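The structure appears right after this line, and notes come after that.
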């Protein structure tokens, strides 16, 4: 379960980078803000993805986004989804570590150490995602 979430999160992170690059590539400077292309989320997925798997993930990620918006809105949606996946993965790992007799959880010894090590990285990555979302939410490029 945790491995599936980690794989999905990695894909969503990659997708958010691709979507962010999409608006940067077609943008020019105007009054300190980029001229961001407006498109449907389906068009954004078509432009950002080179494989059917990426396209399907993109559609799933942007499904609840506006039908038509600036590409930056879609990049923000992808980053927010990635943060949500970080949160869910960390919660599940924490649950596995705490559940069970004596407070030691279901994961023994070396595996437990590995989980704790990964949770440290997830915590750091999640904080970076939170900062990114904050930056994107207050930056003129990402507000609607």
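The values are calculated or read from the model by the stated rules, or taken from the named source; none is laboratory data. A quick note: this is a predicted structure, and the numbers were derived from the prediction, not measured. Backbone-built Cβ (ideal geometry, glycine too); neighbour counts: all protein chains shown.
The table below lists the values:
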read-out	value
In the range 129-144, the residues that are surrounded by fewer than 12 Cβ atoms within 10 Å (Cβ to Cβ) and modelled with pLDDT of 75 or more	131, 134
Residue that is nearest to residue 128 (Cα to Cα) [pool: residues in the range 50-76 that are free of Cβ contacts under 8 Å to residues at least 24 places away in the same chain and in contact with a helix residue (DSSP H, G or I) (Cβ under 7 Å, 6 or more places away or on another chain)]	62
